[in-house]
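Chemist: Handing you a structure now.
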Amino acid sequence: MALGEEWFTEPCEQHGSAFSLKAKKKLHEEQTAYQKIEIFETTQYGNLMTIDGFVMLTDRDNFLYHEMMSHPALYTHPAPNNVLVIGGGDCGTLKEVLKHPEVKLAQQVEIDERVTRLSEIYFPSLCESNNDPRAELHFVDGIKWVKDAAAGHYDVIIVDSTDPIGPAEGLFNEAFYRECHRALGEQGILVQQSESPLYHIKLIHAMREAMQRAGFAQTLTLDFPQPVYPSGWWSATMAGKSGTLTGFRENDAAQKPFATRYYSSARHKASTVEIPLLAEEQD
Ligand code: AG3
């Protein structure tokens, strides 16, 4: 290894694997009231943000995750006017949501304001829509926000959180899903990042069951590549109050008035095919 270059590594002890990026330098390190945030400049992936040692995003591949966390849910809802993003402090999901002309209000509720302030500095392209008049940024607890929301207020709720440990733990259970169900309109859709289909299939099953117990009529897990997360294979799980989740506004998606690098109507359709691992026997 060349002098002055070090590898950032996120080990995944449970699965005996690790993901590394070659870092030119550490640009920032800070312990906030909630977590430790670090920013690195890498050699080929642009800037990298980590929280408590876990990779959150890089310049190079965050489009995969952010596009798949937002567009499938927004094109599944018939008229996504009011959208809530819980977490997502880097503003990447918010930016994708605001690409939809149907969106009248997009609220981002992130518990740690420092994530957003650092993203403004180190990931400016993700924050370029933050001044959109339809965007609102709030820095409070997302669980409390949903509890306080009026019944039926939201069309889509997107949970863009860290892993289900630490501050995000309360976002992965039936009580929280019940509050989301209440805060969503009749055709409302909840979508949550749901970890790796290869490593966390039990968690995905548990999430889907909890969503159903909370009153959601249907669940559907979409998969997509995410090279910088454990196993490189990631997922988002949708829960719908009514209607089918495999059907979506296909024509609108095919004629979307904005650019994406991964999402397309055809890609969306392909990802609605159930992940085969979900059908395997659970021990
Ligand atoms: N959301 C984090 C997904 C979990 C990553 N897990 C890991 N590296 N072990 C990222 C926020 C992007 N808006």
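The values are calculated or read from the model by the stated rules, or taken from the named source; none is laboratory data. Since this is a predicted model, take the numbers as computed values, not measurements. In this analysis, Cβ positions are derived from the backbone assuming ideal geometry, glycine residues included, and neighbour counts consider all displayed protein chains. Side chains included, ligands, DNA and RNA excluded: accessible areas come from the protein's heavy atoms. Shrake-Rupley method; radii C 1.70, N 1.55, O 1.52, S 1.80 Å.
Chemist: Among the residues in the stretch 117-131, are any open to solvent by 20 Å² or more (accessible area, probe 1.4 Å), within 15 Å of the ligand (Cβ to nearest atom), assigned to a strand (DSSP E or B) and not β-branched (Val, Ile, Thr)?
Modeler: no
Chemist: Something else about it: Would you mind finding the one in Val103, Val109, Val156 that is more than 21 Å from Met211 (Cβ to Cβ), at pLDDT 95 or above, more than 12 Å from the ligand (Cβ to nearest atom) and β-branched (Val, Ile, Thr)? Give the steps one after another, and end with the answer.
Modeler: Details: Val109 fails: more than 21 Å from Met211 (Cβ to Cβ); Val156 fails: more than 21 Å from Met211 (Cβ to Cβ).
One residue alone meets the criteria, Val103.
Chemist: Go through (1) open to solvent by 50 Å² or more (accessible area, probe 1.4 Å); (2) within 14 Å of the ligand (Cβ to nearest atom) one by one and return the number of the condition Ala150 breaks.
Modeler: With respect to (1) open to solvent by 50 Å² or more (accessible area, probe 1.4 Å); (2) within 14 Å of the ligand (Cβ to nearest atom), Ala150 is out only on (2).
Chemist: Is the stretch 106-114 home to any residue that is open to solvent by 50 Å² or more (accessible area, probe 1.4 Å) and part of a helix (DSSP H, G or I)? Talk me through it step by step, then tell me what you get.
Modeler: Kept after step one, since they are open to solvent by 50 Å² or more (accessible area, probe 1.4 Å), are these residues of the stretch 106-114: 111, 113-114.
Narrowing the set further to residues that are part of a helix (DSSP H, G or I) leaves 113-114.
Yes, some residue in the stretch 106-114 is open to solvent by 50 Å² or more (accessible area, probe 1.4 Å) and part of a helix (DSSP H, G or I).
Chemist: Test His66 against the criterion of being within 15 Å of the chain's Cα centre (by Cα) and open to solvent by less than 10 Å² (accessible area, probe 1.4 Å), and give yes or no.
Modeler: On the way: within 15 Å of the chain's Cα centre (by Cα): yes; open to solvent by less than 10 Å² (accessible area, probe 1.4 Å): yes.
For His66, the condition - within 15 Å of the chain's Cα centre (by Cα) and open to solvent by less than 10 Å² (accessible area, probe 1.4 Å) - is met.
Chemist: Scanning the stretch 132-147 for residues that are among the β-branched types (Val, Ile, Thr) and not in a loop (DSSP other than H, G, I, E, B), which turns out farthest from Phe40 (Cα to Cα)?
Modeler: So the residue we want is Val146.
Chemist: Report yes if Leu137 is touching an Asp or Glu at 6+ places or on another chain (Cβ under 8 Å) and away from the ligand (no atom under 16 Å from the Cβ), otherwise no. Explain how you work it out, then say what you get.
Modeler: Numbers: touching an Asp or Glu at 6+ places or on another chain (Cβ under 8 Å): yes; away from the ligand (no atom under 16 Å from the Cβ): no.
No, not satisfied.
Chemist: Still on this structure: Please work out which residue is farthest from the ligand (Cβ to nearest atom), limiting yourself to the stretch 181-195 and to residues that are in a strand (DSSP E or B) and surrounded by fewer than 24 Cβ atoms within 10 Å (Cβ to Cβ).
Modeler: The extreme case among them is Glu186.
Chemist: Exactly one of these conditions fails for Tyr199: (1) open to solvent by 20 Å² or more (accessible area, probe 1.4 Å); (2) in contact with an Asp or Glu (Cβ under 9 Å, 6 or more places away or on another chain); (3) outside any helix (DSSP H, G or I). Give me its number.
Modeler: (2)
Chemist: Applying the selection to the stretch 210-240, what residues are assigned to a loop (DSSP other than H, G, I, E, B), away from the ligand (no atom under 16 Å from the Cβ) and open to solvent by 50 Å² or more (accessible area, probe 1.4 Å)?
Modeler: Ala217
Chemist: If you don't mind, another one. Within the stretch 159-173, restricting attention to residues that are more than 10 Å from the ligand (Cβ to nearest atom) and part of a loop (DSSP other than H, G, I, E, B), which residue is most open to solvent (accessible area, probe 1.4 Å)?
Modeler: Asn173
Chemist: When you look at Thr58, is it out of contact with any Cys (no Cβ under 8 Å at 6 or more places or on another chain), β-branched (Val, Ile, Thr), over 20 Å from Asp160 (Cβ atoms) and within 12 Å of the ligand (Cβ to nearest atom), yes or no?
Modeler: No, not satisfied.
Chemist: Output the qualifying pairs, or none if there are none: Cβ atoms under 6 angstrom, residues six or more apart or on different chains, first residue in the stretch 40-53 and closer than 19 Å to Gly89 by Cα and in a strand (DSSP E or B), second residue open to solvent by less than 20 Å² (accessible area, probe 1.4 Å) and within 9 Å of the ligand (Cβ to nearest atom).
Modeler: Every condition considered, the pairs that remain are Met49/Leu57.
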